Amino acid sequence: MRCALITGASGGIGAAVCDMLADCGFSLAMAYNKNKKAAQSMLDKYQKNGTNCIAVAADLSADDGADRLIDGLKGFPRVDTLINCAGTAYFSMLCDTDEKEIKRVMNINFYSPLRLIKHLSKGMTERGFGRIVNITSMWALVGASCESVYSASKAALEGLSKSLAKELGASGITVNCVAPGLIDTEMNRGLTVRAIADIVEQTPLGRIGTPQDVAKAVRLLTEEECFITGETINVSGGLVI
């Protein structure tokens, strides 16, 4: 049976990915930070439907967050699929950005995924199979004013993914990214109606995306027959081309 670790599982995109993989028969290790209620609700739902799953609390902004998450997987089936959904944004001019915020964003968006891949890829290499999907952002592709640290953290994750695709390909491991555009998630709920309308107007498909739109792209990249590696699937409705 396939076994996936999904970080940021209680968030909009993470939860949609969990739903998609549960429907495909995966065992799920769901990592969350503070939203224990949502994680427990997901756990109850999946277990009721016969899915083998656990929920693990992990603060990936901490230097040892990834290590604590790995410790929480002990006794669970070995992970062959890693989906790094956990992410955080920060809006500020760089000159006004506190060093603690820079570290927090980089830990969640880059260093923790790196550490998880470093640990879990060993087992994948031994088994000769693995699927790694990193959720990045359209801003990793083109950059965003006043979101320089966020853009840089996601761009770093894309660069890492391309290098690892070459490094791990011979071991049967694919490494890819999915770069969402504006998605209807909690992270974007702070945008004004006018700001959303402006983005929709610039989007060829004429709407914002849903977490399910992103999950479908992730599912493609987790297939056993997947012949895609080192790529970024841009799920932005054509906003970034």
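Some points to look at:
- Members of segment 45-62 that are surrounded by 12 or more Cβ atoms within 10 Å (Cβ to Cβ), out of contact with any Phe, Trp or Tyr (no Cβ under 8 Å at 6 or more places or on another chain) and over 18 Å from Arg2 (Cβ atoms): Lys45, Asp59, Leu60, Ser61, Ala62
- Pick from segment 158-184, criterion among the small types (Gly, Ala, Ser), out of contact with any helix residue (DSSP H, G or I) (no Cβ under 7 Å at 6 or more places or on another chain) and more than 11 Å from Ala140 (Cβ to Cβ), ranking: surrounded by the most Cβ atoms within 10 Å (Cβ to Cβ): Ala165
- Of all the numbered requirements in (1) free of Cβ contacts under 8 Å to residues at least 24 places away in the same chain; (2) in a loop (DSSP other than H, G, I, E, B), Cys95 misses one, and that requirement is (2).
- All conditions in (1) closer than 25 Å to Thr185 by Cα; (2) at pLDDT below 95; (3) surrounded by fewer than 18 Cβ atoms within 10 Å (Cβ to Cβ) hold for Ala89, with the sole exception of (3).
- Per-region count, segment 13-37, residues buried (at least 21 other Cβ atoms within 10 Å of the Cβ) and modelled with pLDDT under 95: 0
Per-residue answers, yes or no, for (1) basic (Lys, Arg); (2) in a loop (DSSP other than H, G, I, E, B); (3) more than 19 Å from the chain's Cα centre (by Cα):
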position: Leu60; (1), (2), (3): no, yes, no
position: Phe76; (1), (2), (3): no, yes, yes
position: Phe91; (1), (2), (3): no, yes, yes
position: Val105; (1), (2), (3): no, no, no
position: Ser112; (1), (2), (3): no, no, no
position: His119; (1), (2), (3): no, no, no
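- Cβ-Cβ distances below 7 Å connect the following pairs, each with a first residue in segment 68-82 that is at pLDDT below 95 and crowded, with 16+ Cβ neighbours inside 10 Å, a second residue that is of a type outside the set (Gly, Ala, Ser) and not in a helix (DSSP H, G or I), and a separation of six or more residues or different chains: Phe76/Ile54.
- Test: residue in segment 71-88 that is β-branched (Val, Ile, Thr) and in contact with a Phe, Trp or Tyr (Cβ under 9 Å, 6 or more places away or on another chain): yes
- In segment 78-89, of all residues being assigned to a loop (DSSP other than H, G, I, E, B) and under 16 Å from the mean Cα position of the chain (by Cα), the one that is farthest from Gly123 (Cα to Cα) corresponds to Ala89.
- First in segment 30-44 and free of Cβ contacts under 8 Å to residues at least 60 places away in the same chain, second anywhere and polar (S, T, N, Q) and surrounded by 17 or more Cβ atoms within 10 Å (Cβ to Cβ), Cβ under 6 Å, 6 or more apart: Ala31/Thr7; Tyr32/Ser10; Asn35/Ser10; Ala38/Ser10; Ala39/Ser10
- Selection of first residues in segment 147-164 that are free of Cβ contacts under 8 Å to residues at least 24 places away in the same chain and of second residues that are aliphatic (A, V, I, L, M) and in a helix (DSSP H, G or I), restricted to Cβ pairs under 7 Å at least 6 apart or on distinct chains, gives the following pairs, ordered by first then second residue: Ser151/Ala140; Ala155/Ala140.
- Of all the residues in segment 123-137, those that are surrounded by fewer than 21 Cβ atoms within 10 Å (Cβ to Cβ) and in a helix (DSSP H, G or I) number 4.
- Asp213 meets the stated requirement of being of a type in the set (Asp, Glu), modelled with pLDDT of 95 or more and farther than 30 Å from Arg127 by Cβ.
- Positions within segment 165-199 being free of Cβ contacts under 8 Å to residues at least 12 places away in the same chain and among the hydrophobic types (A, V, I, L, M, F, W, C), in sequence order: Ala170, Leu191, Val193, Ala195, Ala197
- Residue satisfying condition, being touching a residue at least 40 places away in the same chain (Cβ under 8 Å) and over 20 Å from Ser27 (Cα atoms), within set Ser61, Ser121: Ser61
The values are calculated or read from the model by the stated rules, or taken from the named source; none is laboratory data. It should be emphasised that the depicted structure is a prediction, and the values quoted were computed from it without experimental measurement. As a convention, Cβ positions derive from the backbone with ideal geometry for all residues, glycine included, and neighbour counts pool all protein chains shown.
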